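Below is one structure; the comments refer to it alone.
Throughout, read-outs are computed from the coordinates displayed, never taken from laboratory work. Predicted, not measured: the structure shown is a model, and the values here were computed from it. Here the Cβ positions follow ideal geometry from the backbone for every residue, glycine too, while neighbour counts run over all protein chains shown.
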Amino acid sequence: GAVVSQHPSWVICKSGTSVKIECRSLDFQATTMFWYRQFPKQSLMLMATSNEGSKATYEQGVEKDKFLINHASLTLSTLTVTSAHPEDSSFYICSASRLAGAYNEQFFGPGTRLTVL
Amino acid sequence: SQQGEEDPQALSIQEGENATMNCSYKTSINNLQWYRQNSGRGLVHLILIRSNEREKHSGRLRVTLDTSKKSSSLLITASRAADTASYFCATVDRGSTLGRLYFGRGTQLTVWP
């Protein structure tokens, strides 16, 4: 159990276009979902935290108008990169969290490789 | 969103040898977790150790936690070529309601056959 999927697994787009990435918890309802980005050979940087039905909380330095997050249900969150530019090329990873006893357990998706030409 | 530092940044060993990675952090934590990431893939949860625990084992993995020094170590015994990956520690702050993870920079482990 506790599987998180992401779609697409990779995407190549032209500069100026928008790209939507989906994150789904397949067999559990997630209290919270997190979005990270990761540059090559670097660690995961948290972009935003989202809860179902409420606005996402963005980390400092992350443009909320550029990285739109919609958390429509307890099993689905989407990240839309608007007007993508080459510097947005990165590996985007989501995680879904559920309460397990006294702590929140996070399960990670397989990631989406975005390349902006 | 980083708070930890892993040491070393890169580690290269032969199959059969043990691999030790260290992680330091700065805050009071609820728990510390270790993850593995193969190149270009998502994260795989390896082990979680709570702040009141000092040592934990899972198969060939041994994790220690020293809250007085704010440090943790991950030992992989009898390493295999398939253990080649990046390893990250991540902490959850004490009192965190969402369980937000703060990741370290990671250690790139290469195990040569």
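Of the residues making up the stretch A:58-117, just one is of a type in the set (Val, Ile, Thr), part of a strand (DSSP E or B), over 26 Å from residue A:29 (Cα atoms) and within 14 Å of chain B (Cβ to nearest Cβ), namely A:115. Kindly provide the set of residues from the stretch A:46-72 that are farther than 23 Å from residue B:90 by Cβ and either touching a helix residue (DSSP H, G or I) at 6+ places or on another chain (Cβ under 6 Å) or surrounded by 13 or more Cβ atoms within 10 Å (Cβ to Cβ) (or both), ordered by number. Listed by number, the residues that qualify are A:52, A:64, A:66, A:68, A:70. Candidates are the residues of the stretch A:1-20 that are part of a loop (DSSP other than H, G, I, E, B) and of a type outside the set (Ser, Thr, Tyr); the one that is nearest to the other protein chains (Cβ to nearest Cβ) is A:2. Only residues that are within 22 Å of residue A:45 (Cα to Cα), in a loop (DSSP other than H, G, I, E, B) and not charged (D, E, K, R) were counted in the stretch B:54-113, giving 7. Only residues that are surrounded by 15 or more Cβ atoms within 10 Å (Cβ to Cβ), within 14 Å of chain B (Cβ to nearest Cβ) and more than 30 Å from residue B:9 (Cα to Cα) were counted across the stretch A:24-45, and they come to 5. The residue of the stretch B:16-27 that is nearest to the other protein chains (Cβ to nearest Cβ), among those that are of a type in the set (S, T, N, Q) and out of contact with any Asp or Glu (no Cβ under 7 Å at 6 or more places or on another chain), is B:20. Checked against the criterion of being small (Gly, Ala, Ser) and within 10 Å of the chain's Cα centre (by Cα), the candidates B:73, B:79, B:28 yield just one match: B:73. Under the condition of being hydrophobic (A, V, I, L, M, F, W, C) and either more than 14 Å from chain A (Cβ to nearest Cβ) or touching a His at 6+ places or on another chain (Cβ under 8 Å) (or both), the residues counted in the stretch B:41-98 number 9.
Residue under question is residue B:62, and the condition is that it be loosely packed, with under 14 Cβ neighbours inside 10 Å and in contact (Cβ under 8 Å) with a residue 12 or more places away in the chain; does it hold? No; evaluated as a whole, the condition is false for this residue.
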